[in-house]
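Taking it in order: structure first as structure tokens, then the write-up.
The values are calculated or read from the model by the stated rules, or taken from the named source; none is laboratory data. Given the structure is predicted, the values throughout are model-derived calculations rather than measurements. We place every Cβ from the backbone using ideal geometry, glycine too, and count neighbours over all the protein chains shown. Accessible surface is based on the protein model in full, side chains and every heavy atom, while ligands, DNA and RNA are left aside. Shrake-Rupley method; radii C 1.70, N 1.55, O 1.52, S 1.80 Å.
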Amino acid sequence: MKNEELFEAALKVIPGGVNSPVRAFRKVGGVPSFIEKAHGPYLWDAQGSRFIDFVLSWGPLILGHAHRAVVEAVREQAALGMSYGAPTRLEVEMARLVCSAFASVEKVRFTSSGTEACMSAIRLARAATGRRVTVKFEGCYHGHADSLLVKAGSGALTLGIPDSSGVPEAIASTTAVLPYNDLDAFSSFMQSQGSEVASVIVEPVAGNMGVVLPGPGFLETLRAQTARCGALLIFDEVITGFRFRFGGYQDIAGIRPDITCLGKIIGGGMPVGAFGGRAELMDMLAPAGPVYQAGTLSGNPVAMAAGIATLKTLRDEDPYEGLDRAMAAFMGRLCELAERSGIPLTVNRVGSMAGIFFRQGPVEGFADVMASDAERYARFFHAMLEAGVYLAPSPFEAAFISTAHTSDVMDQALAAAAGVMERMGA
Ligand code: KE4
């Protein structure tokens with residue numbers, strides 16, 4: 001069946017034809033590609049077209065699709081049962097792996113999504129401080145829990161509904177939204193309202209408004225001000241966890257948050273989220289303490305098996321330098337190609353995660369992102385898709401590569417980009 005036929009059928013039984021809005025190509029236009037299979041760096045759609053995948057399921061597939069060790073682990077565990085609703089040794093092994101990678105995490109609770117991890121972390125912070133206000137930053141996205149859908153990024157920004165309907169004013173009013181990278185705005189807010197703040201949640205590298213790096217002193221200021229006011233600092237490392245190193249961006253930044261949220265890579269493509277921190281804080285969670293948090297499939301054995309295989313492969317193979325070099329080379333050449341074609345392009349990159357903005361000059365915050373040429377991104381997206389490269393169908397997302405993106409694969413992607421840039425510049 002063709003993508004169009006599948007989309008038509010999907011629209012009849014699934015809202016918007018998708019189970020997550022950003023997949024619907026709304027920001028770039030056209031019919032979404034229905035994917036039939038994937039292997040290594042490649043996706044194949046329903047029409048048998050092959051693409052080099054720079055989305056990797058929005059980050060999780062850092063080892064590429066259908067990695068042998070991960071598939072084997074899933075196959076083996078599935079044959080032993082899909083889910084027990086009871087504790088397993090796999091969860092202990094996975095928790096030990098996460099705690100070994102994050103000095104700030106002594107105990108961790110697994111969930112089935114990043115949304116649940118962030119939602120639960122916010123609740124834990126409210127209980128620990130006895131306060132009600134959460135601070136987040138414009139353009140950052142922490143999942144779709146009511147209190148966090150305020151000036152959110154990712155799909156919410158993509159669809160232009162950063163403040164979702166259905167969120168009662170009473171709940172939205174517990175969330176303060178400040179400009180990312182604006183130290184003065186944050187400091188003056190904490191000066192006047194700090195005593196009300198339960199937690200400040202931040203993506204240490206923003207990946208849901210394209211990619212925006214923390215400016216000098218930004219994360220340090222968040223740490224200092226939250227400590228001063230008795231608020232908790234939550235690092236949402238759902239994207240950045242295990243993306244740049246075997247651990248989090250927190251070690252690169254030298255910042256120790258109170259709670260860390262994880263997802264994506266730790267599930268190896270299966271539904272896994274997690275949040276962790278100091279033992280005395282985490283022991284406030286039921287059944288050890290008064291903060292209720294639960295999930296039928298939390299710590300699901302098949303998902304744990306995928307996560308353990310993924311994290312052990314990352315720990316033992318340590319592919320991070322190679323990933324960094326490959327993405328640096330690719331994005332460097334992309335900028336040269338754009339310049340040669342007279343196309344304004346700015347790329348923000350950390351390791352194997354990058355944001356592509358059609359704009360001259362730095363992109364250091366939400367206003368710069370919104371001033372970028374989203375229409376030109378849409379044209380670039382479709383031209384690259386035509387040329388066999390699958391980028392994020394929104395300028396408010398990140399591009400990722402995996403260990404399966406060999407130099408040959410990257411050369412193929414560059415050749416596609418060269419043709420596209422030439423045609424766009426003509
Ligand atoms: P999930 O509930 O989608 O597993 O995780 C929510 C979440 C939390 N924190 C960060 C930093 C995130 O990026 C996400 C989810 N990311 C988006 C893409 N950037 C998921 C894609 C989608 O919504 O389909």
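Just a few scattered comments:
- With respect to the stated conditions, LEU222 fails to be open to solvent by 30 Å² or more (accessible area, probe 1.4 Å), modelled with pLDDT of 95 or more and either hydrophobic (A, V, I, L, M, F, W, C) or within 16 Å of the ligand (Cβ to nearest atom) (or both).
- For segment 81-96, the condition holds for no residue, the condition being that it is hydrophobic (A, V, I, L, M, F, W, C), closer than 26 Å to ALA145 by Cα, crowded, with 18+ Cβ neighbours inside 10 Å and within 16 Å of the ligand (Cβ to nearest atom).
- Residue within segment 155-162 that is over 18 Å from the mean Cα position of the chain (by Cα), assigned by TED's automatic domain parsing to the domain that holds LEU213 and farther than 18 Å from ALA198 by Cβ present: yes
- Remark: pairs (first residue in segment 47-63, more than 13 Å from the ligand (Cβ to nearest atom); second residue charged (D, E, K, R) and open to solvent by 10 Å² or more (accessible area, probe 1.4 Å); Cβ separation under 8 Å; 6+ apart in sequence or on different chains) = GLN47/LYS2; GLY48/GLU36.
- Scan of segment 125-140 for residues that are crowded, with 24+ Cβ neighbours inside 10 Å and away from the ligand (no atom under 12 Å from the Cβ), ordered by number: ALA125, THR134, VAL135
- Subset of segment 1-34 (residues that are away from the ligand (no atom under 12 Å from the Cβ) and among the hydrophobic types (A, V, I, L, M, F, W, C)): MET1, LEU6, PHE7, ALA9, ALA10, LEU11, VAL13, ILE14, PHE25, VAL28, VAL31, PHE34
- ALA288 passes every criterion in (1) among the aliphatic types (A, V, I, L, M); (2) touching a helix residue (DSSP H, G or I) at 6+ places or on another chain (Cβ under 6 Å); (3) assigned to a loop (DSSP other than H, G, I, E, B) apart from (2).
- LEU337, sole failed condition from (1) open to solvent by less than 20 Å² (accessible area, probe 1.4 Å); (2) touching a helix residue (DSSP H, G or I) at 6+ places or on another chain (Cβ under 9 Å); (3) within 16 Å of LEU61 (Cα to Cα): (3)
- Test result for ILE122, part of a helix (DSSP H, G or I), among the β-branched types (Val, Ile, Thr) and open to solvent by 50 Å² or more (accessible area, probe 1.4 Å): no
- Just one of the listed residues (GLY289, GLY299, GLY322) is among the small types (Gly, Ala, Ser) and open to solvent by less than 10 Å² (accessible area, probe 1.4 Å), namely GLY299.
- Members of segment 259-277 found to be part of a strand (DSSP E or B) and more than 12 Å from GLY143 (Cα to Cα), listed by number: ILE259, THR260, GLY268, MET270, ALA274, PHE275, GLY276, GLY277
- Here the condition is being in contact (Cβ under 8 Å) with a residue 60 or more places away in the chain and outside the structural domain of PRO179 (by TED's automatic domain parsing); of ALA371, ALA378, it holds for ALA378 alone.
- Test: residue in segment 141-162 that is touching a residue at least 60 places away in the same chain (Cβ under 8 Å) and away from the ligand (no atom under 15 Å from the Cβ): no
- Count of residues meeting criterion [open to solvent by 40 Å² or more (accessible area, probe 1.4 Å) and closer than 10 Å to TYR390 by Cβ] in segment 40-54: 2
- The set of residues from segment 164-185 being outside any loop (DSSP other than H, G, I, E, B), in contact with a helix residue (DSSP H, G or I) (Cβ under 6 Å, 6 or more places away or on another chain) and closer than 30 Å to VAL347 by Cβ comprises LEU178, LEU183.
- Matching option when the condition is of a type outside the set (Asp, Glu), surrounded by 15 or more Cβ atoms within 10 Å (Cβ to Cβ), over 21 Å from the mean Cα position of the chain (by Cα) and part of a loop (DSSP other than H, G, I, E, B), among VAL74, VAL31: VAL31
- Where LEU233 falls short, out of the listed (1) crowded, with 24+ Cβ neighbours inside 10 Å; (2) touching a Gly at 6+ places or on another chain (Cβ under 7 Å): (2)
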